[in-house]
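Engineer: Can you keep this structure in mind? I'll have questions shortly.
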C-alpha cells in the first residue's frame, strides 16, 4: 500500500470529524488520545511518558510514508516500497538495486536517497484563534487569501531555522481547528539495507491488499546530519519476537487522507465522477505502461516503480469505488447524515451547511474535467513536466510577499520544493514521452478537439508529436540546468527556450485561473460549511472525536486479530515457510534468490506477516507496530481488501492492517541477506562496522 | 458507431417493452408500424406497399451491421466501418486495403469477405402460442429447456433449405411475444468499393460520437449467388441529393440491443457492476493495444480494426455509464417504475415481478465475476481462443438432439457458425498473445490467485507464459486444421493435442456450469417476471408500444434536424470543404490522399454528413436513411454523444443519428476515388464494366 498523495489531493479540502462507531476506529492526534476508551477495551492505556517517547521516535518521510527510529544512530525502519523509488534512482543497467536489494557493507557505503527527507514532530500548538482572527467575517476568495497568508506567516515565524526545522499549519475538523506542527528535519537520508524486490513484493499486484501474505516489505534508512549519522536517543526498542493473538498494538504514523464525513452530495461526486474517471485513466495508462515495459528488460526495470504506484493506486481506488457502491456500507453514512440533519434542524447558528455544499458541488462538477487535465497538465504523468511546472511557478511566486504565494512556495515550503527539484534522479525518455503523450491524448479525448484550451495547447500537433517535441527538446533532465533556472528566477524562465518550460508558461495562466476558481467557488464555501458541520457534530456527539487524516502524526490502537471471510477464518499470521508453498517459479510468485540460497537456514515456522485491527490508510506505510511496552514488533505495509473502504468508514469486523514482523526482518538480517552490524545495532550490541 | 454484440450479450435476456414518451421515439417492428402517430406528426405515413418494398431491400449483415440493396445486381450500401474487418482480412503488408481503400476495376475483381453473410427478411409469423404451449407451467431450468427446444424445432422446421434460408425465433416484450423471422440469406458477399480509412474515419476516436463531422463512412458490398451477382429486383432507389431541413426520414435497420425497461435494481447492477468493470477492462486493454501497435507500422495496421472496436465500445459504454449517473435522466425511469408499481398494486395476476427480479439479481451479483472471466475465457480477447471454444463445444453439441443444444449449435444456427469458423482470416500472433495474456492476468486479478478455477487453469504458469504456450503452440490459425477438427467431431477433439483445444476442454465444463446456473437462476425467473411486467404495461398504457431492440429489422421515423448544445445551435449538415479546415496534417486529422489530389474537383459546398432525430442504436450502422418517396439519401453511421443514453431511453431534444449523405458518396464515386461503373449502376445507367 502506498500513499496516493497526488490522487488524494484531487479530492482536497474535505476534512471533517468523525465519531467512532467501532471500538478500534480512529486515527487520533497525539494531543487527544482517547485513553479512557483504550483502557475500557484493553484494561490499560499508554500514559503521557509512553506517548512522548513514541512520538519522538516517529518519523514522517516526505515521499509519502511513515517510519520510526530504531537505534541511537539515526537508523530508520520503514517499508521496502517506501524506498523502492530511491533504489531505482540509484540503479543503472549494470547495478539493479531494486532487483538485487541493497546491503551496505559499512556505513560509509550507505547511499543518499534523492529527494528524501525525514521529519520528527517536536511540538504541536493551537493556532485556531490566531487564524480565526485573520479570517474574521471574510468569505470567498478573500477568506482563502487571508487564511493562507496567516498560515504562511505563522509557519515562517515558527521555524526560522529552515535547515533543521520545518513548520506546517494543519487544518483539522474542517477548519474547526488549526494546529501548528513543528518538525525536526533530516534532509540527508541514506539507504542502509533493503531486501530483494522479489522478497519485498512477493505475490506482486495480485496479492496486494490481500492476506495471507508472504512479503518482506521492510527496509532500513539512516538519517544523517553534517555528513554523520544523526544522534537519535529517542528511538523504539527493537523487539524481534512474534506477535501474540489478541495483544494490544499501536500503529503510529501519518495516514494521508480520509473522507469519512463527506456529505451525501460529495460522496455522490466521488462515486459518479472522480473515482470512475481516475480509475479509467489509471487503467489505460497501466495498460500502456505494461506493454511498453515488455519491450526490453531495461524498460521493465525503469518503469517498475511507476507501474507499482499506478497499480497500487488503482487497487486502492477500486476498493473505494466498491465501498461507495455497497448499499450496506453507505446506508450507515446516509443514516448518520440524516441524524445530524435532524438534530440541527432549526439551529440558526448551524444553518444549512449541506445546502451550501450542494451549491458548491454543482459548480465543481462543471469545471472538474478542466481541473483534472489542465491544473497540472502533463505533470500528472511526467517528472520532467513536473519540474517545468515547479520552475515556471516558482519564478512568479518567489517574487511575491510570503503570504500571497501558492502552497508549496511559501518560505516554510520552499526548501523541500527546491530539494525535490534539484536532487539528481534519473529520468527515462520513453517513460516521459509515454506520460506526456498519454496526458495529451486523454485531455483531448475528455475536453474535446474543439475545446479552446486544447486547441491552444496542441495546435495542429498530435499528442504523440507534442510529447516527442517536448521530451526530446527539454534539458530539464539535467539537475544543473534545473538549478540554473531555479536560481535565475523569472528572468531565466522568460529567457528560456526550453520547450517544456515554454509549454508550461503557456498553460500556467489557465491552471492558476482554475485553481483560483476552485478556491473561490468550492474551497471557501465548503470550508465554511464544514466548520459549522464540525460544530454541529461536537454539539451532538461530544468531543470524543478524531479528525480526518491529514498526513500528520496519528495513533491508532487495536489488536493482533484475524477475521472471517465468507464464513472462513483468516489466520492472524503467516510463516516464512509458506513462501515456498506459494512459489510458482514465475513472476510475481518467483522466489527471491535469498529465499532459494538460504532455504535450509530459514526457520520456516517463524512468523512472517500478520494482521491487526488498527485503523490505518495510505501514508501509514512504514509505520511501526508497537507493543504495550513501547517496543516495535512490526512495520505496517498494507491493509486487507476491506480496508480500502476505510477512506470513508471503518468496519472493525473486516478492516485489517497487514504488517511484516520484526521476527521476520531479524531472520532476513541473520540468514537471508546477512547484515550482522545492523543486527547488532538494532539489538543493542556494541559491534561497529 | 459499431454494434457491440459481444459486450451487449453480457446483459442478456433483458427485453421489455416501452411506451414512447417522445414523438420520434421507437424502434418499430415492421408488423406494428405506428402509422397514426407518424401521420399525426408529419401529415403522411408510409402505406403497406411502401413498407413491403422497403423491407425487401433491407439487409442485415451478420457481422453486426445493417445495409440495403441499391441496385438490381445485388449491390449493397453500408458503412465503411462495417467492412473494415473484411478489408483488413484481405490486406497484407504489401497491400493495405484499409489505408488505401478498395475500388474493384470490374466485378470480377470484387473480393469475398470472410465470415460475412447478408440476410433479408422474407416473412414474420407469430409463434407465441406454440411456445407458450411448450412452456406450460414449467419454471426454472425446465422452462428454459422446454422453451429453447421448441424454438430450435420451429427454426429447423421453418427453414429446411439451409443454403438459402435462415430462421430465427425472436423473443419480444420479455416473452410476451415470440416471432419467427425467415430470412433469404447470401453467404457469398464481396467488397466492391471502399474509400480510404482516413476519409472514412477522419477525426478518429476524438470525433467519434460527435458532430459536426466529416467522415465518408460508406462502402459498397455485393451479394453473390452461384458465383454471380445476386438478382435483387427489390432495392432502394439511389438518390444523391442533399437532405432538407425538417424532411421526414426513416432509418430501417437492425438495432442490436436496448435496455429501456430495466427495473431499478437491474439498472443499479449496470451502473455499479457491469459498466464499471467492462469500462475498466476496455481501458486497460486499449492501453496495452495502443502501446503494442506503436512498436511497428505493421502492428499499427494489424491492430487497427481491434483498436477501433475497443475504442468504440469504450465510448459507447462510457455514455451509458454517464447516462445512468445523471439524476435528471434516471429520475424519469424511476418515476415510470413507481407509476407502474402503483397501477398494478394488489393485482394478483401480475404479482410482484420487481421483487422476483431483485432476488434473481442478488444471485447474479454473486456469480457475475465468474461469468465474465470464465464463460468465454480468453475467447473474449482472442480469435484463436474463440475458434477453440467453438470447436470444443460443437464436438459435444452436435451429438445431441437439436432441441437440447446450446444456442449457436442448433440446426438453424450451425451453417453460420461453421462458416465463421472455417472462413480464412489472418490472425496475428502478437495480438493473440496480447489478448490471451490480458485475459489471464485480469481473470487472476479479479477472481484471485487462490480461486480454484484460476489455480486449475493457470497452474504455476504466469499469464504471459500461458499466452505464449497456447498461441505459439496452436495450429488453429490454419482454416484447414479448423475444418478438420470440425469434421472430425468429438473424436478429433478428444484426440487433439493442440494446447488451445486442451485449454478449452478443461475450461468448458465450468463455463457450461456457469451458463446453466445463469439460465436457471437468472434467465428463467427474470423472463417469467418480465413477461408479467409486459402484461402490466400493456394493461396500463395500451398497445402502442415497441419492444426493446433485438438485432432484428426495425423502422424508426424522424426528421432532418440539428439540436441545441449548451445554448448553441448545432447545424444539421456539414459540407465537404469543412474537411480541409479541420485537417491538421497529423492523425487522426490527416487528409486522405483522395482529398488532397481531388481538392480542386470536389464541390466544397456539397453536403457531407447530416443529423436526424431517428431513434437508433449500435447495430443500425449502415442502415439506409430513406426519404418519403422511398429513395435512399444517406447511410447512418453514428449517433451523437447524447444518443449513448439511448440504450436506456430516448431524449428527442438531444438524441441524434449521424449519417453520410448519398450526395457525398456520389462525389466520392465521381471525383475522389472514381468508380464510373458503380455510379452508372446506382443511377440506373446501362454502362457495364
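Read-outs: derived from the displayed coordinates by stated rules, not from any lab. Being a predicted model, the structure only gives us computed values, none of them experimental. All Cβ positions, glycine included, derive from the backbone under ideal geometry; neighbour counts span all protein chains shown.
Engineer: Sorted from shortest, what are the nm distances separating the label point of residue A:334 from equivalent points in the other copies, each placed 7 Å from Cα along Cα to C-beta?
Structural biologist: 0.9
Engineer: Measure off 7 Å from each Cα along the Cα-to-Cβ vector at residue A:472 and residue B:137, then give the distance between these two points in nanometres to one decimal.
Structural biologist: 7.9
Engineer: For residue A:509, which inter-copy label distances result when the label point lies 7 Å beyond Cα on the Cα-to-Cβ vector, reported in nm to one decimal and in ascending order?
Structural biologist: 7.1
Engineer: Moving to a separate point now. Give the separation of the Cα centroids, region B:246-290 to region A:627-689, in Å.
Structural biologist: Answer, in whole Å: 47.
Engineer: For region B:488-574, just the Cα atoms, rotate onto the principal axes and tell me the three extents in Å, largest first.
Structural biologist: Largest first, region B:488-574 extends 65, 44, 27 Å along its Cα principal axes.
Engineer: With the radius of gyration and the Kirkwood radius both derived from the Cα set of the protein assembly as shown, what is their ratio Rg to Rh?
Structural biologist: Dividing the radius of gyration by the Kirkwood radius yields 0.98.
Engineer: Under the definition of Cα pairs under 8 Å and six or more residues apart, what whole-number percent is the relative contact order of region B:427-566?
Structural biologist: 18 percent.
Engineer: Here's another thing I want to ask about it. Assuming R0 = 56 Å, can you tell me the calculated FRET efficiency for the pair residue A:362 and residue B:601, based on Cβ-Cβ distance, to the nearest 0.05?
Structural biologist: 0.60
Engineer: Find how many whole Å separate the alpha carbon centroid of region A:23-52 from the alpha carbon centroid of region A:95-159.
Structural biologist: 26
Engineer: Given label points at 7 Å from Cα along Cα→Cβ, what nm distances, shortest first, separate residue B:490 from the same residue in every other copy?
Structural biologist: List, nearest first: 8.6 nm.
Engineer: Ok, one more. Before anything else, pin down the relative contact order of chain B: Cα pairs under 8 Å, at least 6 apart, normalised by residue count, whole percent. Numbers along the way, then the final one.
Structural biologist: Values: 1353 pairs, mean separation 184.1, N = 689.
Once normalised by length, the contact order is 27 percent.
Engineer: How would you rank A:191, B:38, going from fewest to most other Cβ atoms within 10 Å of each one's own Cβ?
Structural biologist: With the fewest neighbours first, A:191, B:38 line up as B:38, A:191.
Engineer: What number, in percent, do you get for the relative contact order of region B:126-274 if the mean sequence gap of Cα pairs under 8 Å and at least 6 apart is divided by its residue count? Don't skip to the end; give the middle numbers.
Structural biologist: On the way: 123 pairs, mean separation 22.3, N = 149.
Reported as a whole number, the value is 15 percent.
Engineer: Run the quick spin-label model on residue A:483 and residue B:586: label points 7 Å from Cα toward the beta carbon, then report their separation in nm to one decimal.
Structural biologist: 3.4
Engineer: Sticking with this one: As a test of the formula, what do you get for the protein assembly as shown when each DSSP H run with n ≥ 4 contributes -39,500 (n - 2.57) and the sum is divided by the residue count, at 222 nm and rounded to the nearest 500 deg cm²/dmol?
Structural biologist: Using -39500 (n - 2.57) per qualifying helix, the result is -13000 deg cm²/dmol.
Engineer: Additional query: Label-point separation (nm) for residue A:456 and residue B:156, each offset 7 Å from Cα along Cα-to-Cβ?
Structural biologist: Modelled inter-label distance: 7.0 nm.
Engineer: Rounded to the nearest Å, what's the spacing between the alpha carbon centres of region B:592-614 and region A:182-226? Just the number, please.
Structural biologist: If we compute the Cα centre of each part, the gap is 61 Å.
Engineer: Grab the beta carbon distance between residue B:419 and residue B:125, set R0 = 25 Å, and tell me the FRET efficiency rounded to 0.05. Could you put the intermediate results ahead of the total?
Structural biologist: Values: r = 26 Å, r/R0 = 1.03.
Efficiency, from the Cβ-Cβ distance: 0.45.
Engineer: What does the average come to when, for each residue of peptide B:436-443, you count the partner chain Cβ atoms lying within 10 Å of its Cβ?
Structural biologist: Going residue by residue through B:436-443 and averaging, the value is 1.
Engineer: If you don't mind, there's one more thing I want to ask. Using Cβ contacts closer than 10 Å as the measure, can you line up B:681, B:565, A:264, B:155 from fewest to most?
Structural biologist: Arranged by neighbour count, lowest to highest, B:681, B:565, A:264, B:155 become B:565, A:264, B:155, B:681.
Engineer: Next question, about the same structure. Tell me, A:131, B:617 in order of fewest to most beta-carbon neighbours within 10 Å? If you can, show how the numbers build up before the last one.
Structural biologist: Numbers: A:131 20, B:617 30.
So the residues, fewest neighbours to most, are A:131, B:617.
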